[in-house]
Amino acid sequence: MFNYKLQGTTGSARSGIFCTPHGEVQTPIFMPVGTNGSVKGVSPEELVEAGASMILANTYHLYLRPGEDLVGRLGGLHKFMRWDGPILTDSGGYQVFSLAKTNEISDEGVLFRSHIDGSAHFFTPERVMDIQDRLGADVIMAFDECPPGGVSRTEAQAANMRTLKWLERCKKHFEAKQREKNEETQSLFPVLQGNIFEDLRLNQVRSFLDLDDWDGMGIGGLSVGEKKEDMWKVLEVLDQVIPANVPRYLMGVGYPDDLLEAITRGCDMFDCVAPTRNARHGTAWSAEEGQINVRASRFSQDQSPLDAECECYACRKYDRAYIRHLLVSGELFGARLLSIHNIHFLVQLAKESRKRIADASFSSWSKEWLGRYREAGSIQVTS
C-alpha cells in the first residue's frame, strides 16, 4: 500500500506521489500540525479548502490526553478527528526530551513527567510503537533521541547509537504487530539524527539502510538552534545518500523561506506549528511583504487583503483593517483567519513548487521568490 513514485526533478528538487491507505500525497507537501488531534482553530473542512492532503498528530500529547486506548475505541485518529486523508504521527520523542518537566534517559527508554500534572511515565521503543498502532495513523515514526542544538560530537554520536538501537527494537515490534493484523495498515519511518556532524549523518543513513528498505525517511535534529547554513549543508550531504525512491521528511521545518531552501536540497515532506503559532501572535505571511505584524497600527484603515496573491478564505472575504481589529480586541476569529491564511500560504507554496519542478523552472523561480520575500522582510524589520 505504501510506495513513492518520483515524477520529476530540477537539480535536487523533486516532485512525486506518496501512496498511502488513505490516499495519494503529492510532494513536496506541507503537513499542518494537529498536536492534540486538531489543527488549532482550523476545521478539517477548512484544511481541505486550503489544499492540505496530509496532517500530523502528536503521540506524546495524545498519549497523555485523552489516551491512545480511548482514541482506538472510538475508531482511531481518522474517525476521532473526522479527517479522511492520510495522517502521520511523530514518536513523541522530541516532546519527551524538550517539553516534559524532567526525564531520565537510558538504553531501555525514557522516564519522564507529564507537563500537565507531573505524573511519571516511561516510553520505550516498543511502547511508542504500541501507542501509535492504537492511534492508527498511516505513517508512524520510530522512537529516537533528539539532542538539542549545540551538543558536542561525542554527545551527538551517543544519541545516534541509541537511536539506532531503538530503531532495531521499533522495527522488530512494529513488524510483529503488522503480522498479527495480516495487513499493511501502517508504515514505519526511521528518524535520522547526527546534529550538524556530516560523518555521523552519513554513517546513520548507511546503518539504517542496512536494517531495511524503508518506505520513507525522517530527518530529525535540525532546526533545533543550529545556524541555517549548517542545516543546509547537512541536507546537501543527505541528498546524496538517501535513496531517491523514498520521500524525505524534514521534521519541524515550516517557515516559507526554509521550505523552499529545503525543497531545493531534495526534501519532500514538512511539518511545523509555525503557521498557527504565528497566527496567534498576529503574524501573517505575504509573498510581496514577507512576514507582517497585522496588529501594527498602520493597518488600522487598510482595506487590502493579507496577501494580494492569495485566494484563501481570509483573503477573499476580509481585509487587514478588520482582522487587525479582531486581533487587538482579543477576538478568536482573528487568530483563526490568520491560521487559515498561513496554512494556505505554505500548502500553496509547496503546490507551486511541484508545478515549477515539473516545468523545470523551479531554480529560477525559487531564487526570485526568496529574494523578494527576504527583501520585503528586511524592509518590515527596519521600517
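Brief remarks on what is shown
- Relative to its residue count, the range 3-271 spans a Cα convex hull of 123 Å³ per residue.
- Tensor-based shape of the range 46-96 (alpha-carbon gyration tensor, a/c under 1.5 rounded, otherwise prolate or oblate): oblate
- Packing-based exposure ordering (other Cβ within 10 Å, fewest first) of Val273, Val25: Val273, Val25
- Relative contact order of the chain, pairs being alpha-carbon contacts under 8 Å that are 6 or more residues apart, as %: 18 percent
- Eigen-decomposition of the gyration tensor built on the alpha-carbon atoms of the range 253-310 gives equivalent ellipsoid semi-axes of 26, 13, 8 angstrom, largest listed first.
- Extreme residue, positive dipole direction of the chain, given options Gly282, Gly93, Asn203 (C-beta unit charges): Gly282
- Amide H contacts of Thr20 (H built 1.01 Å from N, under 5 Å, at least 5 apart or other chain): Val25
- Per-q log10 I(q)/I(0), the range 279-382, q = 0.17 Å⁻¹ (Debye; single scatterer per alpha-carbon; no solvent): -0.77
- Placing +1 on the Cβ of every Lys and Arg and -1 on the Cβ of every Asp and Glu, with nothing else charged, gives the range 279-382 a dipole about its Cα centre of roughly 260 debye.
- Listed by Cβ neighbour count within 10 Å, with the fewest neighbours leading, Tyr322, Tyr4, Tyr60 appear as Tyr322, Tyr4, Tyr60.
- Net charge of Cβ neighbours under 12 Å - reference Lys165; Lys, Arg +1; Asp, Glu -1: -1
- The Lys355 and Glu331 beta-carbon pair, evaluated with R₀ = 45 Å, returns a calculated FRET efficiency of approximately 0.80.
- In sequence order, calculated HN-Hα J values of the range 309-323 (Karplus, 6.51, -1.76, 1.60; Hz; x Gly/Pro): 8, 8, 10, 6, 4, 5, 6, 6, 9, 10, 10, 5, 4, 5, 5
- Rounded to the nearest 500, the helix-only mean residue ellipticity at 222 nm of the chain stands at -14000 deg cm²/dmol, with each DSSP H run of n ≥ 4 adding -39,500 (n - 2.57).
- Shown in residue order for the range 339-346 are the 3J(HN,Hα) couplings computed by the Karplus curve 6.51 cos²θ - 1.76 cosθ + 1.60 at θ = phi - 60°: 4, 4, 5, 5, 5, 4, 4, 6 Hz (x for Gly and Pro).
- Of every Cα-Cα pair in the range 140-275, the percent that sits beyond 27 Å: 17 percent
- Of the cross-linked pairs Lys227/Lys355; Lys165/Lys367; Lys5/Lys165, those separated by over 32 Å at the C-alpha level are Lys165/Lys367.
- Amide H partners (placed H, <5 Å) of Asp144, local residues excluded: Gly93
- Close amide H pairs (under 5 Å, H built 1.01 Å from N) link Gly37 with Asn58, residues at least 5 positions away or on another chain.
- Exposure proxy ranking, count of Cβ atoms within 10 Å, fewest first, for Cys146, Cys310, Cys170, Cys19: Cys19, Cys310, Cys146, Cys170
- Hz values of 3J(HN,Hα) by residue in the range 226-243 - Karplus curve (6.51, -1.76, 1.60), Gly and Pro given as x: 6, 5, 4, 4, 5, 5, 5, 5, 4, 5, 5, 5, 5, 4, 7, 10, 6, x
Each value in this text was obtained by applying a stated rule to the coordinates, not by laboratory testing. The shown structure was predicted, so the numbers you read here are calculated from the model rather than taken from an experiment. In this analysis, Cβ positions are derived from the backbone assuming ideal geometry, glycine residues included, and neighbour counts consider all displayed protein chains.
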